[in-house]
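Down below is the structure, laid out as structure tokens.
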Amino acid sequence: MSLPHAPRTPAPPAAASSAVPLRLAVVDMSGTSIVEHGLQDTAFARTLDQHGVPAGTPEHDDAARRFRALRPTSRTAVFPRVFADRAVAAAATRTFEATFDALLAEHGVRAVPGAEEALVRLRALGLHVCLCTGYARHTQNMILESLGWMGLADLSLSPDDAGRGVPYPDMILTALLGLDLDDVRSVLVVGDTAEDMTAGRRAGAGLVVGVRTGRDADDVLLAACADRVVPGLADVPDLVVRTR
């Protein structure tokens with residue numbers, strides 16, 4: 001008599017194989033590879049207060065909403081939309097950067113669990129790695145140095161280096177050119193926001209992957225045309241292996 005088979009757990013679907021091998025991983029920082037514990041929200045609130053927009057006012061609440069919406073693109077892009085006077089907006093930008101840097105120096109950031117190992121493994125699989133962010137360049141350097149990540153990636157980019165942040169494809173295309181690669185289809189983009197996914201699509205990346213460690217839920221990432229959504233950056237190297 002044959003015994004009934006135990007139920008089998010279905011294997012995860014294989015990633016679609018690409019005719020163009022993946023050669024570059026463009027990986028977002030905040031929410032994807034690092035966690036900064038809300039320090040930028042604190043810095044933004046303090047900046048508004050110093051420039052005459054105190055907490056508890058409708059103007060402050062409106063500015064905070066704009067900051068959250070624009071944060072994936074550039075942490076400082078919001079100030080010209082809050083302050084009509086260009087000189088005041090520029091001064092507020094400087095205040096924010098100095099305040100955020102001071103908070104980073106005091107409190108630090110932490111890596112998303114498994115992120116460092118994933119970046120090392122991606123390079124071992126033969127991919128170049130570029131870390132991208134909406135932070136200012138000097139802030140990005142502070143974070144990389146504090147984590148001991150200087151040299152972990154082949155390249156790191158901010159909007160200061162490329163022109164615009166996500167959802168524009170500038171940083172992805174700058175990474176491709178900077179690393180002397182010639183086919184956008186060889187690019188893997190990993191991020192936690194719809195803007196990251198949109199940037200990957202606009203760049204023509206061969207594989208665009210969302211992670212669940214940051215801001216946006218699966219449905220939002222998929223609506224922005226993510227190819228796959230995985231629990232975290234630690235799952236991405238295995239996904240790359242399955243494309244081969």
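Out of 196, 170, 160, which single residue is modelled with pLDDT under 95 and closer than 18 Å to residue 70 by Cα?
160
Kindly indicate whether residue 26 is modelled with pLDDT of 95 or more and either in a loop (DSSP other than H, G, I, E, B) or surrounded by 11 or more Cβ atoms within 10 Å (Cβ to Cβ) (or both).
yes
Check whether at least one residue in segment 210-225 is among the aliphatic types (A, V, I, L, M), farther than 25 Å from residue 38 by Cβ and within 14 Å of the chain's Cα centre (by Cα), and report yes or no.
no
For the structure I just gave you, tell me whether residue 87 is more than 21 Å from the chain's Cα centre (by Cα), modelled with pLDDT of 90 or more, exposed (fewer than 12 other Cβ atoms within 10 Å of the Cβ) and assigned to a loop (DSSP other than H, G, I, E, B).
no
Name the one entry in 110, 137 that is basic (Lys, Arg), touching a residue at least 40 places away in the same chain (Cβ under 8 Å) and out of contact with any Pro (no Cβ under 6 Å at 6 or more places or on another chain).
110 is the lone residue from the list that is basic (Lys, Arg), touching a residue at least 40 places away in the same chain (Cβ under 8 Å) and out of contact with any Pro (no Cβ under 6 Å at 6 or more places or on another chain).
Every residue, every condition in (1) free of Cβ contacts under 8 Å to residues at least 12 places away in the same chain; (2) small (Gly, Ala, Ser); (3) assigned by TED's automatic domain parsing to the domain that holds residue 171; (4) closer than 26 Å to residue 25 by Cα, yes or no:
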residue: 70; (1), (2), (3), (4): yes, no, no, yes
residue: 85; (1), (2), (3), (4): yes, no, no, no
residue: 94; (1), (2), (3), (4): yes, no, no, no
residue: 123; (1), (2), (3), (4): no, no, yes, yes
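So for segment 152-160 (the condition being buried (at least 19 other Cβ atoms within 10 Å of the Cβ) and in a helix (DSSP H, G or I)), does at least one residue qualify?
Among the residues of segment 152-160, at least one is buried (at least 19 other Cβ atoms within 10 Å of the Cβ) and in a helix (DSSP H, G or I), which makes the answer yes.
Which ones in segment 205-228 are surrounded by fewer than 20 Cβ atoms within 10 Å (Cβ to Cβ) and either without any contact (Cβ under 8 Å) to a residue 24 or more places away in the chain or aromatic (Phe, Trp, Tyr) (or both)?
Correct list: 212, 217, 218, 219, 222.
When segment 39-77 is examined, which residues are found to be under 26 Å from residue 160 (Cα atoms) and aliphatic (A, V, I, L, M)?
Result: 39, 43, 45, 48, 63, 64, 69, 70, 77.
How many residues does segment 94-146 hold that are among the basic types (Lys, Arg) and either part of a loop (DSSP other than H, G, I, E, B) or modelled with pLDDT of 95 or more (or both)?
3
Inspect all residues belonging to segment 35-43 and state whether any of them is in contact with a helix residue (DSSP H, G or I) (Cβ under 9 Å, 6 or more places away or on another chain), of a type in the set (Ser, Thr, Tyr) and assigned to a helix (DSSP H, G or I).
Yes, because at least one residue in segment 35-43 is in contact with a helix residue (DSSP H, G or I) (Cβ under 9 Å, 6 or more places away or on another chain), of a type in the set (Ser, Thr, Tyr) and assigned to a helix (DSSP H, G or I).
Going by the structure shown, is residue 80 surrounded by 15 or more Cβ atoms within 10 Å (Cβ to Cβ), in contact with a Gly (Cβ under 8 Å, 6 or more places away or on another chain) and either at pLDDT below 95 or in a loop (DSSP other than H, G, I, E, B) (or both)?
Considered against the rule, which asks whether it is surrounded by 15 or more Cβ atoms within 10 Å (Cβ to Cβ), in contact with a Gly (Cβ under 8 Å, 6 or more places away or on another chain) and either at pLDDT below 95 or in a loop (DSSP other than H, G, I, E, B) (or both), residue 80 comes out as no.
Go through segment 230-244 and count every residue that is more than 12 Å from residue 32 (Cα to Cα) and among the β-branched types (Val, Ile, Thr).
Matching residues across segment 230-244 total 3.
Being surrounded by fewer than 18 Cβ atoms within 10 Å (Cβ to Cβ) and under 18 Å from the mean Cα position of the chain (by Cα) is true for just one of 106, 117. Which residue is that?
Checking each option against the conditions leaves just 117.
Give the residue that is surrounded by the fewest Cβ atoms within 10 Å (Cβ to Cβ), with candidates limited to residues of segment 29-54 that are at pLDDT 95 or above and charged (D, E, K, R).
Taking the candidates together, the pick is 49.
The values are calculated or read from the model by the stated rules, or taken from the named source; none is laboratory data. What you see is a predicted model, and the numbers here were worked out from it, not measured in a lab. Cβ coordinates were reconstructed from backbone atoms using ideal geometry, including for glycine residues, and neighbour counts include every protein chain displayed.
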